[in-house]
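Since every read-out is calculated from the coordinates, none of them should be taken as a lab result. Here the structure is a predicted model, which means the values were calculated and not measured. Here the Cβ positions follow ideal geometry from the backbone for every residue, glycine too, while neighbour counts run over all protein chains shown.
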């Protein structure tokens, strides 16, 4: 039998070059050129490769316009990178003296990492790399487009890691100690705050639900946590400290420093998620703050078959205008994979109002991805477990931020938002409305959090993403299945009664209204009503049962019992008062006596923000 002729690798260096669509990167503002990147400097880049087959989209049923749910076996069979495409990338790497990094998940994540000298990297991708000083820090910078050999056109969808400028920022706000504008006397001097279990109780978390059997993944682009802080914090709540696993992505690691760093973000995320779903395991994926690190962390978490997160919380982001189109497309594709695999991703919508920190109206990404649950912010007034009032979080007048929200100029209007009266985008493209849902985010009605040995009050939409992640974990436990991509279910008309509709306030350009709005989305959750609606069409809600022969006991690790224990013993407040030099937490004077029903600190009264 004659041998088949061997297939020779194409000569990439002799091929015409084509622009990688969406790769254009703008020159940084206020940058000072230092020097050309040294030719011998080692650089690792991530190449995102196309799928073997596109994910299928539902056209009917309860998950309309969402990716068709598939098993991991089906995903691996049909939707990973094709072997031929991976071989083509490896051949390309060899011809430009680049090393293919060993990664058993490369095909599943559709990501190939190549390492080489800056000289070889520049030749391989047709770019020029320079060192530039931005705000006192030197970064490696590329500008303009990436040029690929013609044979890779359509095969490689993104190349990230050439530029290592910071891509995103955390969306948390620390409560300030000075008097808030518009308040006087005892109302101004008595800050209000809640423990996360108290907020969950206001939002009617199921009393005996803990998220047991679930894993919550948390993406962090900086900062770190200390076990001693977590032990002290959860002891104050009367909850066992969670089991936490740190996963290092792209050589990043758990690196706590000071209370003024991204540690505040890390501890806020862990402490909120783990205290409202105290039975869930927590896995923190630490990654560099670059578009490469961001995307690699999400693909790592989504396809983590060891820790198996059923929900992922993300509290970092940046305006869409600050991203390249290729990076947004690649990261959104990772979120689409999560949706297909039944993994929910909750994302903070931003803390800079309708401008998102730029001029005009802008929305934050990845909150604007149509495959994530975008989480906006409110200001919460609660008395015990009773919600007294809730308005749009807007402290722009005090320079303390406001919930993000608006309309994407990149992602089209999803069909499940077709009846939500989303305003038209400001550009020729886009239409996806942000956010989908909301929760307490005002630092003046924020969360008691321990970070780097201090207890303080922190909020921002960064708190809402882990809050909703905890709710999803609880829902997954209650329903006995992963709710996965839930937007089509929550936008259905019958879900309206499962939300506290926020109708007062604004975030700058957009005002709250009945139903969905570009400040608080559909509103904050009424968890006990919402969870039954999230069950996929093929599953039925399950009711936790007591083992035969045993009496039903009140679980000390449930959210409700944790909130009441902290309230009864004053543990949450005591820990704050002990470290209260930073942010004292006490009940306002006018509620300190003669109020029998006040089991939570009550925020000062204030006019709705318009």
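When each of the peptides 11-21, 494-504, 454-464 is scored by how many other beta carbons lie within 10 Å of its residues on average, the order from highest to lowest is 454-464, 494-504, 11-21. How many nm is it between the label spots at residue 388 and residue 412, if each spot is 7 Å from the Cα in line with the beta carbon? Calculated label separation equals 4.7 nm. Contact order, relative form, for the range 188-534: 22 percent (alpha carbon pairs under 8 Å, 6 or more residues apart, mean separation divided by residue count). Taking 0.36 nm per residue of sequence separation and removing the Cα-Cα distance, the residue 84/residue 257 pair yields an extension gain of 57.8 nm.
On full extension, the segment bounded by residue 429 and residue 13 gains 146.1 nm, given 0.36 nm per residue less the C-alpha separation.
When 373, 387, 88 are arranged by Cβ crowding within 10 Å, least crowded first, meaning fewest neighbours, the order is 387, 88, 373.
What's the extension gain from residue 399 to residue 497 if we count 0.36 nm per residue and subtract their Cα-Cα distance?
Details: separation 98, 0.36 × 98 = 35.28 nm, distance 3.40 nm.
Taking residue 399 through residue 497 to full extension adds about 31.9 nm, to one decimal.
Just to check, using Stokes-Einstein with a Kirkwood Rh over alpha carbon pairs, what's the diffusion coefficient of the range 13-160 at 25 °C and 0.890 mPa s in µm²/s? Working shown, then result.
Values: Rh = 17.2 Å.
Here the translational diffusion coefficient equals 142 µm²/s.
The ranking of 249, 434 by Cβ neighbour count inside 10 Å, starting from the fewest, reads 249, 434.
Give me 516, 316 sorted ascending by neighbouring Cβ count inside 10 Å, so fewest comes first. Don't skip to the answer; put the middle values down first.
On the way: 516 24, 316 27.
By the 10 Å Cβ count, ascending, the order reads 516, 316.
Computed packing ranks the peptides 415-426, 122-133 as 122-133, 415-426, most packed first, by mean other Cβ atoms within 10 Å.
Relative protection proxy for 400-413, 519-532, 147-160, 28-41, from highest mean packing down: 400-413, 519-532, 147-160, 28-41 (other beta-carbon atoms within 10 angstrom). Rounded to 0.05, the FRET efficiency of the residue 74 and residue 325 pair, given R0 = 30 Å and the Cβ-Cβ distance, is 0.55.
Only alpha carbons enter this Debye calculation for the range 458-516, each as an equal point scatterer, and the log10 of I(q)/I(0) it gives at q = 0.17, 0.20 Å⁻¹ is -0.80, -1.02.
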